[in-house]
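Novice: Sharing a structure here in structure tokens format.
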Amino acid sequence: METMSKNIIVLGPPGAGKGTQAEKITENFGIPLIDIGEILRHHKDIEVDHKTVREYLKNGELLPDEVVMDLFEKRLRKPDTAQGFVLDDAPRDKVQAQELEEIIEIGLVLHINASKENIKERITGRRICKECGEIYHTKYNPPDQEGTCDKCGGKLIQRDDDTEEVLEERLEVYREKTKPLVEYYRKKGLLEEIDGNRPIEQVWKDVKKEVEKIE
Ligand code: ADP
Ligand code: ZN
């Protein structure tokens, strides 16, 4: 029997809990988390239009779509994705989704949603390990020792854009770009809606059930 890989996309507004659930998927199912930020950091010396990726990152500039998709393709061809992978917060729009389709078949798209009130509380309380990227929350998922990562002892930091001030702008990007993607995958029959307005472990129960369904 042919087995379908667990090729998963996680979408949703900022702070809904995508990264938290994506991390759980990778831990439980042994498939890698693919994150474009990390891929770019691994290719800092590549030159695009006479500028290195490092310079793009430093200036907060967006890399051309085709460069991003090339790097995705390279990453998705590595042998550790044989059983599947989780793409957190990618593709970013319909054009990227269509290009992704040419590279690889997607098995499940999880749309994790949460109320604006919850989103606000979550992004302002979010803390991330500077060393390993583990996600914490000052109230909902605190580390054993304040400011220190349970997993690696690294220092916990707050992302520059995790403020109430820029939330509105980030939500606008989500409404404009990601929402149409959600509809796109719904039409393809790949979408599962997950109610993210519940404690992490309850959300996880639903997410796990959906991932287990992909054989
Ligand atoms: P996203 O990847 O969607 O931006 P994260 O997974 O980073 O969201 O979660 C945002 C913040 O909310 C983090 O601080 C995380 O610990 C916390 N969090 C995630 N899921 C929940 C939940 N279901 N209930 C409460 N807090 C949560
Ligand atoms: Zn850490």
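The values are calculated or read from the model by the stated rules, or taken from the named source; none is laboratory data. Everything numeric here is computed off the predicted structure, so don't read it as measured data. Cβ sites come from the backbone with ideal geometry, for glycine too, and all protein chains shown count toward neighbours. SASA here: full protein model, heavy atoms, side chains in, ligands and nucleic acids out. Shrake-Rupley method; radii C 1.70, N 1.55, O 1.52, S 1.80 Å.
Novice: Compute the normalised compactness of the chain: alpha-carbon radius of gyration over 2.2 N^0.38 Å, N being the residue count.
Specialist: So the chain has a normalised radius of gyration of 1.01.
Novice: Between 133, 84, 17, find the one with the highest GNM mean-square fluctuation for the chain; connect C-alpha pairs within less than 10 Å.
Specialist: Checking each option, the largest mean-square fluctuation is seen for 133.
Novice: Suppose only helical runs count, i.e. DSSP H with n ≥ 4. What mean residue ellipticity at 222 nm does that imply for the chain under -39500 (n - 2.57) per run, divided by all residues and rounded to the nearest 500 deg cm²/dmol?
Specialist: Details: 9 runs with 91 residues, N = 215.
-12500 deg cm²/dmol, from helical runs alone.
Novice: Leaving out ligands and nucleic acids, note down the accessible area per residue over the chain with a 1.4 angstrom probe, in whole Å². Could the numbers behind the result be given before it?
Specialist: On the way: 12420 Å² over 215 residues.
On a per-residue basis, the chain sits at 58 Å².
Novice: Have a look at 31, 106, 39 and tell me which one the Gaussian network model of the chain (Cα, springs below 10 Å) gives the largest fluctuation.
Specialist: Residue with maximal mean-square fluctuation among 31, 106, 39: 39.
Novice: Using the beta-carbon distance between residue 76 and residue 29 and R0 = 22 Å, what value does 1/(1 + (r/R0)^6) give for FRET efficiency, to the nearest 0.05?
Specialist: Step by step, r from the Cβ atoms, then E = 0.85.
Novice: Okay, moving on. How large a share of the accessible area of the chain, in percent, is made up of carbon and sulfur atoms when the probe is 1.4 Å and the other protein chains stay in place?
Specialist: 46 percent
Novice: Report the residue, chosen from 98, 83, 145, that carries the largest GNM mean-square fluctuation when the chain is represented by alpha-carbon nodes joined by springs under 10 Å.
Specialist: Maximum among the listed residues: 145.
Novice: Going 7 Å from the Cα of residue 46 in the Cα-to-Cβ direction, what parts of region 65-87 have a backbone nitrogen less than 14 Å from that spot?
Specialist: 65-78
Novice: Further question on the same structure: Given +1 on the Cβ of Lys and Arg, -1 on the Cβ of Asp and Glu, and no further charges, what dipole in debye does region 74-215 carry about its Cα centre, rounded to the nearest 20? Kindly include the intermediate steps, with their values, before the conclusion.
Specialist: On the way: 28 positive and 33 negative charges, 49 e Å.
Approximately 240 debye in magnitude.
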